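Chemist: Take a look at this one; I'll ask things after.
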Amino acid sequence: PAAPDPAPASAPATPTPPPPPVVAQAPKPSQKVDATAEEAHNRARALVQAGKFAAAIIEFDQAVQLRPNFSLAFNGRGYARLRLGEYKQALPDFTAAIRLNPNYANAYQNRAAAFRALHQIAEADADAAKARALIAR
């Protein structure tokens, strides 16, 4: 039988210091809330695109809870409610989006659709006209 290979001689090991710990900078609370609100909004929009309006409303709820001035999320939640035929429930969302961003043409268009579905024609026509004026700018 062959003799086992002798172990190679090695130099005495000098201990190497471990690398310094990496300390992650925690985001500022407002950044984290904004990112989380944005993430909830993005999930909600994907659910709307998939036609899952009730599930989208839950995500939009989270987005506006985390960022109460999130006009896009209010408009999105109103749109999901509009698509579910919840016209009266959609109106306050569109109104909040408009209050937060008075130049939000899409929110005016959506509110006009909700008013029209509720047979509130004068209000629908006024919002549709406002949306057209904003788009024309």
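Chemist: Given the criteria aliphatic (A, V, I, L, M), part of a helix (DSSP H, G or I), closer than 21 Å to Gly51 by Cα and open to solvent by less than 70 Å² (accessible area, probe 1.4 Å), does Ala128 qualify? Before you say what the answer is, go through the steps one by one.
Modeler: Details: aliphatic (A, V, I, L, M): yes; part of a helix (DSSP H, G or I): yes; closer than 21 Å to Gly51 by Cα: no; open to solvent by less than 70 Å² (accessible area, probe 1.4 Å): yes.
Criteria not met by Ala128.
Chemist: Filter the range 61-91 down to residues that are assigned to a loop (DSSP other than H, G, I, E, B) and either open to solvent by 20 Å² or more (accessible area, probe 1.4 Å) or among the small types (Gly, Ala, Ser) (or both), then give me how many there are. Before the answer, list the steps.
Modeler: Applying the first criterion (assigned to a loop (DSSP other than H, G, I, E, B)) to the range 61-91 yields 67-70, 84-86.
If we keep only those that are either open to solvent by 20 Å² or more (accessible area, probe 1.4 Å) or among the small types (Gly, Ala, Ser) (or both) too, we end up with 67-69, 84-86.
The total comes to 6.
Chemist: Something else now. When the residues of the range 97-108 are filtered to those that are over 22 Å from Leu47 (Cβ atoms) and crowded, with 19+ Cβ neighbours inside 10 Å, which remaining residue is nearest to the chain's Cα centre (by Cα)?
Modeler: Filtering the range 97-108 for residues that are over 22 Å from Leu47 (Cβ atoms) and crowded, with 19+ Cβ neighbours inside 10 Å, the one nearest to the chain's Cα centre (by Cα) comes out as Ile98.
Chemist: Among the numbered conditions (1) within 21 Å of Ile121 (Cβ to Cβ); (2) open to solvent by 20 Å² or more (accessible area, probe 1.4 Å), tell me where Phe94 comes up short.
Modeler: (2)
Chemist: Name the one entry in Arg111, Arg116 that is of a type in the set (D, E, K, R), open to solvent by less than 60 Å² (accessible area, probe 1.4 Å) and in a helix (DSSP H, G or I). Before you say what the answer is, go through the steps one by one.
Modeler: Numbers: Arg116 fails: open to solvent by less than 60 Å² (accessible area, probe 1.4 Å).
Exactly one residue qualifies, and that residue is Arg111.
Chemist: Test Ile58 against the stated conditions and say whether it is surrounded by fewer than 20 Cβ atoms within 10 Å (Cβ to Cβ), at negative phi and not in a loop (DSSP other than H, G, I, E, B). If you could, list the steps in order and put the result at the bottom.
Modeler: Details: surrounded by fewer than 20 Cβ atoms within 10 Å (Cβ to Cβ): yes; at negative phi: yes; not in a loop (DSSP other than H, G, I, E, B): yes.
The answer is yes for Ile58.
The values are calculated or read from the model by the stated rules, or taken from the named source; none is laboratory data. Bear in mind that the values here come from a model prediction, so they are computed numbers and not experimental data. For neighbour counting, all protein chains shown are included, and Cβ atoms are generated from backbone atoms with ideal geometry for every residue, glycine included. Just the protein is used for accessible areas: all its heavy atoms, side chains included, with ligands, DNA and RNA removed. Shrake-Rupley method; radii C 1.70, N 1.55, O 1.52, S 1.80 Å.
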